Every structure is written in C-alpha cells, then in structure tokens.
Amino acid sequence: MKTLSVTNIALSLAAVSLLIACNQPETGKEQAGEEAKRTGQVQAEAKFDPLDIAAIENALGMKGTENNGEYKVTVPQNDLKIMVDGFQIIPPMGLGSWLAFAPAKEGAMLMGDVVVTEDDLWPVQQEVIRQGLTITAIHNHFVRNTPNVMYMHLGGIGDEAELAAKAKAVLDRVATVRGGNPADGSKIEVENSLDTAMIAQTLGHSGSTSQGVYKVTIGRPDVDLREHGAPVSTFLGFNTWASWQGTPEKAAVAGDFTMLADEVAPVIKALVENGIEVVAVHNHMVHEQPRIFFLHYWGVGPAEKLAKGLKAALDQTGKEQVNPVH
C-alpha cells in the first residue's frame with residue numbers, strides 16, 4: 001500500500017478547504033463591494049454632483065437610508081391585509097412602496113414603486129402625471145390575492161428636492177384615498193419555522209429575517225445597467241429576491257427575478273418545471289441599457305423543493321459577463 005507524503009496530505013487538505021469555501025453561501029459583501037466600486041467610478045467619471053440628502057428628507061418629511069451616495073425611503077403597507085393561498089402577505093413579502101434617488105447628469109434620478117389598491121390606481125396615476133413624473137410600469141406581484149393590489153413604477157429626472165416634493169404628493173394621494181398613512185397600521189409577524197441555513201446553502205446566498213419573513217436579495221454585478229446614463233444598482237431595485245414564510249413541510253415563497261432578454265425563456269422554463277408559478281413578466285424601466293425584464297413568481301410546497309427550484313432558475317442567469325454599456 002502506498003503512503004501519502006506530508007506534502008500530498010497538505011495539498012489534499014488545501015483542495016478540500018477550497019472546495020468547501022467555494023460552496024458556502026455568499027454574504028453579499030463581495031457583490032456589494034464590486035457594485036459600489038463600479039457605481040462610484042461611474043459617478044466620478046461623469047462628474048455627477050452628490051445628492052443633497054437633507055433637501056430630500058425635508059421635502060419628503062421622512063427619513064430613509066443612504067448607500068454609496070444613493071438614497072431610499074420605504075413605506076410599509078401595514079394597512080392592507082392581503083391573503084394569497086392561505087398565507088398573509090406582509091411588507092417583507094413584497095408589500096411595500098419605495099422611492100430611491102441617485103446622482104445623475106441632470107441633477108438626480110428618481111425611481112420608485114408604489115403599491116396601489118384598485119381604488120387607488122386611477123387617482124394615484126392621475127397624481128403622478130399631474131406632478132410631471134413618469135409611469136414606467138403597472139403590474140401585479142400576486143394572483144388570487146384578496147384584496148387585489150397593483151404596483152406602479154415611477155421615475156423622474158431633475159433637482160432632487162423638487163423630485164422629492166413631487167413624489168411626496170403621490171404618497172399623500174395614496175394616504176388620502178386610503179384614509180390614512182399606510183405605514184401607520186399594525187405590524188404583523190408571520191409563522192416561520194424554516195431551515196434558513198438550508199435555503200441559504202441551496203441558493204448560494206444568505207438573507208435576513210424580519211417579522212417572520214426570511215428574505216434573500218441577489219444583485220447583478222455582472223450587468224452594467226444604466227438609466228438615463230446613471231448606474232442602476234441593487235439598492236435601486238435591480239436585483240433578484242426571494243421572501244419566505246411557513247414551515248419546512250408547507251412554505252410560501254414570493255419574489256422577483258431580474259433578467260436579460262436571453263435569460264427570460266430559460267428562467268421561466270426552470271421555474272415552471274419545478275412547480276413554481278410565474279405570475280408576471282414585465283419591465284420596471286423604459287430607457288434602460290441593456291434591456292432588462294422582471295419576473296414575479298409564487299410557490300407553495302416543501303421548502304427544500306422550492307429552494308432547489310429557485311436555484312435551477314437562478315442558474316439560468318449571469319452565465320456570461322455582459323459588456324459594459326456606456
């Protein structure tokens with residue numbers, strides 16, 4: 001019998017360690033660092049002036065979060081009780097409005113997504129147009145949801161304080177129609193006894209838990225996405241995500257895939273073949289380069305099966321490095 005030398009043993013252990021490390025879920029720090037570097041370089045090269053965050057907060061009358069020179073506020077829709085297939089949809093499951101601001105050549109770029117009910121839809125879109133903003137998409141996230149909700153994407157370019165004031169008018173219109181600020185409703189905690197470590201290991205990306213919902217967000221640092229010449233980051237909504245609740249035997253997962261044109265068909269095929277329902281395919285932007293599609297999905301069943309199905313679809317994205325678009 002041959003004996004292994006100390007050198008061979010060391011090399012074998014190193015190989016095993018490398019294999020284990022490569023199969024660990026990403027924390028997102030590597031992706032975030034790469035994306036932050038690219039976003040910062042684009043802003044510096046284009047000589048975009050930094051945002052006046054104080055002016056934005058003053059116009060909105062609310063606080064948000066700053067990330068790599070970009071700024072975002074969220075409004076959880078705590079006033080809505082949405083049920084889908086016996087599961088309650090709460091803000092961490094995708095029931096939240098948001099507004100994001102980023103430096104741009106013309107001053108600032110506004111991107112946002114506003115949750116509207118069937119009663120809100122018409123008056124809110126009228127307000128968006130009245131304020132001189134642009135509606136870039138109206139779509140669903142769910143099917144069989146009671147009551148029905150829609151998602152209205154909006155955008156704008158200009159002075160950040162003026163954009164914030166216009167966006168505030170849109171949010172105020174929602175509150176007027178609903179009879180109160182959607183964020184003022186009570187926060188609900190949903191059941192979650194899922195093995196989140198299994199989900200993270202299967203997807204290759206880890207997440208965080210809020211109100212009983214485990215959410216994983218995955219960026220696309222391989223795609224240099226621009227809108228009006230400004231970079232669109234994970235923070236601005238350019239991401240794939242999955243929100244989970246329930247038990248190992250019966251879980252619910254809802255989320256969004258972000259895809260290049262050639263990825264749409266294989267992602268849909270992978271999801272459907274793995275028992276995950278595709279409920280919407282749509283755009284979020286209208287002047288983006290390269291062209292990007294978004295897909296919403298809904299799945300109910302054993303958590304491990306759902307996680308493997310999502311991984312099969314995730315494997316259909318980011319296969320090739322995309323040439324930067326300038």
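In this simple spin-label approximation, Ala265 and Asp85 carry label points 7 Å from Cα along the Cα→Cβ vector, and these lie 2.7 nm apart. Sorting 149-159, 181-191 by their mean Cβ neighbour count within 10 Å, with the most densely packed peptide first, gives 149-159, 181-191. Arg291 sits among other residues whose Cβ lies under 14 Å from its own Cβ, and their net charge, with Lys and Arg +1 and Asp and Glu -1, is -3. Over segment 207-326, what is the relative contact order in percent, taking alpha-carbon pairs closer than 8 angstrom and at least six residues apart? Relative contact order here is 29 percent. Surface composition of segment 60-178: carbon and sulfur atoms hold 50% of the protein heavy-atom accessible area at a 1.4 Å probe. With protein chains left intact and a 1.4 Å probe, residues in segment 40-114 average 42 Å² of accessible area per residue. The accessible surface of segment 241-326, taken with every protein chain in place and a 1.4 Å probe, is 51 percent carbon and sulfur. Counting only protein heavy atoms and a 1.4 Å probe, segment 163-205 has 49 square angstrom of accessible area per residue. Of the peptides 120-133, 240-253, the order by per-residue mean of other Cβ atoms within 10 Å, starting with the highest, comes out as 240-253, 120-133. If you take all other residues with their beta carbon under 11 Å from the beta carbon of Ala254, and give Lys and Arg +1 and Asp and Glu -1, the sum is -2. Computed over the alpha-carbon pairs of segment 50-144, the distance histogram in 5 Å steps reads 2, 10, 19, 22, 19, 14, 8, 4, 1, 0 percent, short to long. Rounded to the nearest 20 debye, the dipole magnitude of segment 80-122 is 200 debye, with +1 charges on Lys and Arg beta carbons, -1 on Asp and Glu beta carbons, and the Cα centre as origin.
Rounded to whole Å, the principal axis extents of the Cα atoms in segment 199-254 read 46, 22, 15, largest first. Counting charges near Gln316 (Lys, Arg +1; Asp, Glu -1) among other residues having Cβ under 9 Å from its Cβ returns a value of 0.
The values are calculated or read from the model by the stated rules, or taken from the named source; none is laboratory data. Quantities reported herein were computed from a predicted structural model and do not represent experimental measurements. All Cβ positions, glycine included, derive from the backbone under ideal geometry; neighbour counts span all protein chains shown. Protein only, heavy atoms only, side chains kept; ligands, DNA and RNA dropped before computing areas. Shrake-Rupley method; radii C 1.70, N 1.55, O 1.52, S 1.80 Å.
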